[in-house]
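Each remark here refers to the structure printed beneath this line.
The values are calculated or read from the model by the stated rules, or taken from the named source; none is laboratory data. As the structure is a prediction and not an experimental result, all values here were calculated from the model. Here the Cβ positions follow ideal geometry from the backbone for every residue, glycine too, while neighbour counts run over all protein chains shown.
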Amino acid sequence: MTILSKLLGQRIKDLRKRQKLTQAELAEIIGMETTNLCKLENGGQIPKAENMERLAKALRVNVKDLFDFGYMKSVKTLQQELVDIIATATRKELELYYKIIMATKEA
């Protein structure tokens with residue numbers, strides 16, 4: 001397993017869940033065995049080009065979006081980005097951020 005295969009597998013899994021599809025459902029849509037899709041999602045293998053196209057179509061993204069790993073940020077990076085946002089926020093923005101955070105913590 002390479003880092004690329006692990007990241008790609010996690011991205012496929014995240015996109016599948018966003019579409020509210022099970023592994024079996026996605027596998028059927030793209031014409032793949034569920035066990036092979038499981039291997040992809042676990043980073044055990046990288047999909048062939050034709051399967052990447054099928055995956056992208058089924059997940060309603062472009063092929064390049066399968067490789068968009070930017071959303072996977074470390075906790076430290078997320079914390080620093082929030083600190084930076086808060087440091088430059090107006091009072092009105094701070095109040096809004098506070099309400100949003102508190103609402104999600106209560107959920």
Original post:
Of all residues in the range 46-95, how many are part of a loop (DSSP other than H, G, I, E, B) and either touching a His at 6+ places or on another chain (Cβ under 9 Å) or of a type in the set (A, V, I, L, M, F, W, C) (or both)?
Top reply: 6
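Can you give me the number of residues within the range 50-98 that are small (Gly, Ala, Ser), closer than 30 Å to Ile29 by Cβ and modelled with pLDDT of 90 or more? It would help to see each step written out before you state the result.
First, the residues of the range 50-98 that are small (Gly, Ala, Ser): 56, 58, 70, 74, 87, 89.
Adding the requirement that they be closer than 30 Å to Ile29 by Cβ leaves 56, 58, 70.
Checking which are modelled with pLDDT of 90 or more leaves us with 56, 58.
Counting residues in the range 50-98 that are small (Gly, Ala, Ser), closer than 30 Å to Ile29 by Cβ and modelled with pLDDT of 90 or more gives 2.
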**OP:** Would you please name the residue that is farthest from the chain's Cα centre (by Cα), looking only at residues in the range 14-27 that are of a type outside the set (A, V, I, L, M, F, W, C) and more than 13 Å from Tyr71 (Cβ to Cβ)?
**Re:** Glu25
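Give the range 19-45 a look and list any residue that's small (Gly, Ala, Ser) and either within 19 Å of Thr2 (Cα to Cα) or part of a loop (DSSP other than H, G, I, E, B) (or both), or say none.
From the range 19-45, those small (Gly, Ala, Ser) are 24, 27, 31, 43-44; that's our starting set.
Within the range 19-45, Gly31, Gly43, Gly44 meet the criteria.
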**OP:** Only residues in the range 20-36 that are at pLDDT 95 or above and among the aliphatic types (A, V, I, L, M) count as the first member; pair them with residues that are loosely packed, with under 15 Cβ neighbours inside 10 Å and not in a loop (DSSP other than H, G, I, E, B), Cβ under 6 angstrom, at least 6 apart or cross-chain, and list the lot.
**Re:** Ala24/Thr34; Ala27/Thr34
